[in-house]
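Data first, discussion second: the structure below is written as structure tokens.
The values are calculated or read from the model by the stated rules, or taken from the named source; none is laboratory data. Computed from a predicted model, the values in this text were never measured in an experiment. Neighbour counts are summed over all protein chains in view; Cβ atoms, including those assigned to glycine, are modelled from backbone coordinates with ideal geometry.
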Amino acid sequence: MIMPLYDDNSQRNRTPFVNYTLIAINIFVFAMFQNFGENERFVYTFSAVPAEIISGKDIQSSPTVLGKTRSGEEIIRPGLEPTPFTVYITLITSMFMHGGVGHILGNMLFLWIFGDNVEDRLGHLQYLLFYIIVGILASLAHVATCVLLKSDLLTPSLGASGAISGVMGAYLLFFPNNSVTVLIFRFVTTVPAIVAVGLWFAMQLFSSFMELGAGEGGGVAYGAHIGGFIAGLPLAFFIDKTLGEGKQNASWTQNL
């Protein structure tokens, strides 16, 4: 287990108000629209459903009994609700939704730590563009993973993890030697970003292989995590070199 706590922001030159706004939107949606995870109808309306993304068609379904608990209570998955517009927009709306308090707290911590420096490097609008695009690519990677692994294509996916994974890829690209204070198991230590982010990515790979070997999913879209991280590297490089405002602060080649 590795949990980042904070990083070195001494080289940051601008206030990351886009990153702050993204965090605020995520919290607002979770609290006001999802009712802190209790509004299942909202979740099953605006989450990204792989079968819908593949077909381009809105799918509605009845509640499904998935099994029973040890106490004998039925485990019921709610039915898919109609999407009021094109299903492809759920690739974006799902990025601002979360499955529970722990889910959103963990994601927002990672975004708070790693997003500000990436925004400082790319520029405000460029960072927003990067975040949205890499989030969409991460969701598409999840859809592709579901198809390849023959997973249930009607299971909705939601969360900012894919986009944040892309942000971490960009952070590794631009700031590999930046100091990051992390909690590793029960120890707090400071390591270079290449170690902190590298260990995190290794854990995503290991966890995905474990789930693959077990033949079942654990509710975590590792395909989105891995796909977002990998997509974030070339996308961040491209935006930085073509649109970025932070080239005067650091050279990509100097950070290798």
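List of remarks:
- Only a single criterion out of (1) in contact with a helix residue (DSSP H, G or I) (Cβ under 8 Å, 6 or more places away or on another chain); (2) not in a helix (DSSP H, G or I) is not satisfied by Ser208, namely (2).
- All helices (runs of 4 or more DSSP H) inside the range 1-94 with 1 or more residues being within 18 Å of the chain's Cα centre (by Cα) and surrounded by fewer than 15 Cβ atoms within 10 Å (Cβ to Cβ): 17-28
- The combined condition, being in a helix (DSSP H, G or I) and free of Cβ contacts under 8 Å to residues at least 12 places away in the same chain, is fulfilled by Gly106.
- Restricting Ser157, Ser207 to those that are within 26 Å of Ile25 (Cβ to Cβ) and either of a type in the set (Gly, Ala, Ser) or without any contact (Cβ under 8 Å) to a residue 24 or more places away in the chain (or both) reduces the list to Ser157.
- Filtering Leu154, Leu158, Leu199, Leu137 for residues that are more than 24 Å from Val101 (Cα to Cα) and in contact with a helix residue (DSSP H, G or I) (Cβ under 9 Å, 6 or more places away or on another chain) leaves a single hit, Leu137.
- Number of the condition not met by Gln126 [criteria: (1) farther than 30 Å from Arg12 by Cα; (2) of a type outside the set (A, V, I, L, M, F, W, C); (3) in a helix (DSSP H, G or I)]: (1)
- Residues of the range 1-32 classified as in contact with a Leu (Cβ under 7 Å, 6 or more places away or on another chain) and closer than 26 Å to Leu140 by Cβ, total: 4
Condition check ((1) more than 21 Å from His142 (Cα to Cα); (2) at pLDDT 95 or above; (3) among the acidic types (Asp, Glu)) across all residues:
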position: Gln34; (1), (2), (3): yes, yes, no
position: Phe46; (1), (2), (3): no, yes, no
position: Thr64; (1), (2), (3): yes, no, no
position: Ser71; (1), (2), (3): yes, no, no
position: Arg77; (1), (2), (3): no, no, no
position: Thr83; (1), (2), (3): no, no, no
position: Val87; (1), (2), (3): no, yes, no
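- Filter result for Gly227 (in contact with a Ser or Thr (Cβ under 8 Å, 6 or more places away or on another chain), in a helix (DSSP H, G or I) and under 27 Å from Thr93 (Cβ atoms)): yes
Conditions (1) of a type in the set (A, V, I, L, M); (2) more than 17 Å from the chain's Cα centre (by Cα); (3) surrounded by 24 or more Cβ atoms within 10 Å (Cβ to Cβ); (4) over 30 Å from Arg41 (Cβ atoms), marked per residue:
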site: Val101; (1), (2), (3), (4): yes, no, no, no
site: Phe110; (1), (2), (3), (4): no, no, no, no
site: Leu128; (1), (2), (3), (4): yes, no, no, no
site: Ile133; (1), (2), (3), (4): yes, no, no, no
site: Thr145; (1), (2), (3), (4): no, no, no, no
site: Tyr171; (1), (2), (3), (4): no, no, yes, yes
site: Phe175; (1), (2), (3), (4): no, yes, yes, yes
site: Phe185; (1), (2), (3), (4): no, yes, no, yes
site: Thr190; (1), (2), (3), (4): no, yes, no, yes
